[in-house]
Structures are given as C-alpha cells and as structure tokens.
1. Can you give the FRET efficiency for residue 288 and residue 65, using 1/(1 + (r/R0)^6), R0 = 35 Å, r = Cβ-Cβ distance, to the nearest 0.05?
2. So what does log10 I(q)/I(0) come out to for the range 62-130 at q = 0.23 Å⁻¹, using the Debye formula with one equal point on every Cα and no solvent?
3. Pick from 142, 307, 158: which residue has the top mean-square fluctuation in a GNM of the chain where Cα pairs under 10 Å get a spring?
4. Relative contact order for the range 68-161 using alpha-carbon pairs under 8 Å, separation at least 6, rounded to a whole percent?
5. Defining a contact as two alpha carbons under 8 Å apart and six or more residues distant in sequence, what relative contact order in percent does the chain show?
6. Need one number for the range 203-319: average projected area of the convex hull over its C-alpha atoms, nm².
7. Within the range 109-153, list the residues whose amide N lies under 18 Å from a label point set 7 Å along Cα→Cβ of residue 298.
8. What residue among 78, 16, 53 shows peak mean-square fluctuation when the chain is described by a Gaussian network model with Cα springs under 10 Å?
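Nothing in this text is a laboratory measurement; each read-out follows from the coordinates by a stated rule. The model shown is predicted, which means the values in this text are computed figures rather than measured ones. In this analysis, Cβ positions are derived from the backbone assuming ideal geometry, glycine residues included, and neighbour counts consider all displayed protein chains.
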Ligand SMILES: NC(=O)C1=CN([C@@H]2O[C@H](COP(=O)(O)OP(=O)(O)OC[C@H]3O[C@@H](n4cnc5c(N)ncnc54)[C@H](OP(=O)(O)O)[C@@H]3O)[C@@H](O)[C@H]2O)C=CC1
Ligand SMILES: CCCCCCCCCCCCCCCC(=O)[C@@H](N)CO
C-alpha cells in the first residue's frame with residue numbers, strides 16, 4: 001500500500017485481464033501493454049467491428065503467442081445484466097476461472113455548459129461514466145467474493161479491480177458538468193470500496209489524445225479549452241505505461257503527470273495515501289499553489305462571461 005517495496009505488486013504474466021473500453025484510446029493502450037507483459041486479454045465495448053480490429057492489434061504484442069489467449073465481448077455496460085453476462089462469459093472462456101484483473105476504461109465525455117446540455121444528456125453521461133464502472137465492479141466483486149466450499153477452494157492469484165477516473169474528479173472545470181459528477185462518484189465509490197477490499201485502484205488521467213478526445217473537442221466550450229490550457233494531453237500509450245508502473249508499485253490513487261498530482265494533492269481528503277510523507281507534503285504544497293489557481297480559474301470564467309454573456313442566453317429554449 002505504501003509503495004516502498006521493490007516487489008512488483010501488479011504481475012499480470014499468465015493472468016486473465018478484462019479491459020472495458022478496450023477497443024480504442026487508453027483502454028486499447030492498456031491492453032497492448034498488458035499483452036506485452038504476458039496477460040490473457042478480453043476487451044469489452046459496444047462496437048464489435050472496433051473490437052475485432054483491436055484484438056488483432058493486441059495479439060501482435062503477445063509476449064508468448066502460444067500461451068496467451070485473446071477475446072472480445074460486445075456489450076453495453078450501462079446495462080447491469082450485460083456486465084453479469086460479460087463476467088460469466090469470461091469465466092467460461094477462461095476454463096471456469098474468474099478473471100484476475102478487471103480494468104474499467106469505458107466512458108467518454110460530452111462537454112457543454114450545464115444549461116445548454118439537455119437534462120437527458122446529463123443522465124446519459126452519468127450512465128456512461130459512472131454506471132458502466134459501478135455495474136462492472138458489482139458484477140466482478142459478486143463473482144470474486146462468492147463463498148466457495150472448502151473442498152472446492154483453489155489458490156487464486158492476487159486480484160485487482162481498477163477504475164479509470166479523471167483529475168476533474170479532484171478539480172472540476174466549467175463545461176464538464178455532464179461528466180465530472182460521474183467521475184467524482186467513481187472516486188467516492190473507490191474510497192468506499194477501499195475500506196471493504198484491498199484490491200481496488202483508481203487512475204486519474206489528464207487529457208488523453210484518443211478518439212474520445214477528438215469527439216469531445218466538437219462540443220467543448222471555448223472557455224473550457226482556455227481553463228484547461230495548462231494541460232498538455234498525453235498519448236494513450238504514455239498514460240497506460242505510467243498507470244501500469246504505478247500499479248506495479250502498489251499505488252491506490254494514481255495520477256499520470258505533475259499537474260494531475262497537484263490536482264490530487266489539493267483534494268486528497270480522507271482517501272488512503274500512497275505514501276504518508278510524500279502525499280502529505282504534496283497536499284500542503286498543492287493547497288498553497290491552488291490559493292492562486294482557484295481565483296485564476298474564476299477570473300478567467302468571469303472575464304469570459306462579461307465578454308460573451310451567460311451560457312444559455314443564446315440557446316434555443318427546451319421544447
Ligand atoms: N480522453 C481524455 O481526455 C480523458 C479520458 N478519461 C477517461 O479515460 C477513459 C478512456 O478514455 P479514452 O481513451 O478517451 O476513450 P475513448 O473515448 O477513445 O474510448 C472509449 C471506449 O469506451 C467504450 N464505451 C463507451 N461507452 C460504452 C458502453 N456504454 N459500454 C461499453 N463500452 C463503452 C468505447 O467503445 P464503443 O463506443 O464501441 O462502446 C471505447 O472502447 C474513459 O473512462 C474516459 O472518461 C479521463 C481523463 C481524460
Ligand atoms: C500547478 C498546478 C496548476 C493547476 C491548474 C489546473 C488546471 C486544470 C486543468 C484541467 C485539465 C482537465 C484534464 C482532464 C480532462 C478530461 O477528463 C476530459 N478530457 C474528459 O475526457
């Protein structure tokens with residue numbers, strides 16, 4: 001938990017890993033990295049054609065192509081029954097053994113000012129961001145924690161359930177109101193589960209140069225772009241590598257760059273820490289930094305509002 005040892009806390013060689021949202025972006029990058037480390041991989045997303053292409057690419061990265069297996073399942077994870085089906089199908093495919101690692105990467109953002117985004121879309125974002133993760137976690141943990149008769153017990157490897165959040169769960173930015181609340185809910189679920197089980201980790205990326213990012217740029221307000229200009233979006237492969245190294249060190253809340261760590265520091269609260277000394281110092285330092293950052297963000301928003309008017313003022317009223 002404290003990341004002090006040199007032991008690899010996330011050895012996936014020979015293990016079976018399920019990655020939701022594994023057909024593109026960060027999820028696919030995670031799949032490619034873990035295939036190269038010797039894992040069997042199952043990627044899950046809705047669009048089968050993208051999954052087929054992804055699996056073919058993931059296969060080429062296998063450390064041992066004679067031993068490793070690859071599979072995809074098309075499912076809409078906003079539906080809890082679909083998550084149960086996914087875990088059951090993986091278990092059958094895996095010769096009756098549950099997956100060892102489940103990494104929730106599914107999700108995307110549809111930015112816009114709160115009043116400009118129809119209320120149904122806010123609810124859909126909660127489904128896409130929070131419920132895909134919570135449904136997957138629920139189905140997985142029910143499977144993992146199911147009591148087994150002593151005579152049927154077998155030695156299981158160390159299991160890991162990993163959520164993919166966003167640093168917006170630490171520091172919200174205007175324009176992401178359809179999205180950040182779902183990510184903040186994942187963080188809360190993660191902290192709650194960390195008191196129940198030891199196998200939970202959550203990754204908080206900054207911008208990722210993925211197909212999802214290209215899409216969100218289409219509806220992102222100019223002000224949002226301005227407020228996040230300090231962020232230099234990272235390549236999916238870099239985000240995957242940095243997150244996996246942190247998992248190997250046994251970290252719990254994982255950030256992928258300096259600004260992300262500052263955002264975590266200022267919002268660490270009662271979350272379990274990776275390192276008592278390191279995280280406490282980070283927290284102190286980031287609180288000092290944010291004394292200046294918070295008014296800066298607010299002033300930029302105020303100045304933008306003065307120039308452009310209130311959100312919603314020019315939008316057509318809901319019918
Ligand atoms: N891009 C960014 O800047 C950032 C992204 N993140 C988070 O990181 C994760 C990965 O993002 P990114 O790399 O951009 O991903 P992409 O948007 O590029 O890919 C999203 C993946 O999720 C799948 N997916 C979406 N909805 C569902 C659903 N209902 N059921 C099953 N699968 C679904 C998509 O496939 P399909 O559409 O076929 O279902 C696809 O495989 C997400 O959780 C995102 O919120 C965090 C910080 C920044
Ligand atoms: C030294 C400290 C300075 C701190 C400045 C704070 C600036 C805020 C940057 C916000 C960046 C948001 C990245 C997440 C994006 C995301 O999750 C979406 N792209 C969704 O896909």
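1. After rounding, the FRET efficiency stands at 0.10.
2. -1.07
3. The residue with the greatest mean-square fluctuation here is 307.
4. Across the range 68-161, relative contact order equals 41 percent.
5. So the answer I get is 20 percent.
6. Across all orientations, the range 203-319 yields a mean hull projection of 9.7 nm².
7. No residue passes the distance filter.
8. Fluctuation is largest for 53.
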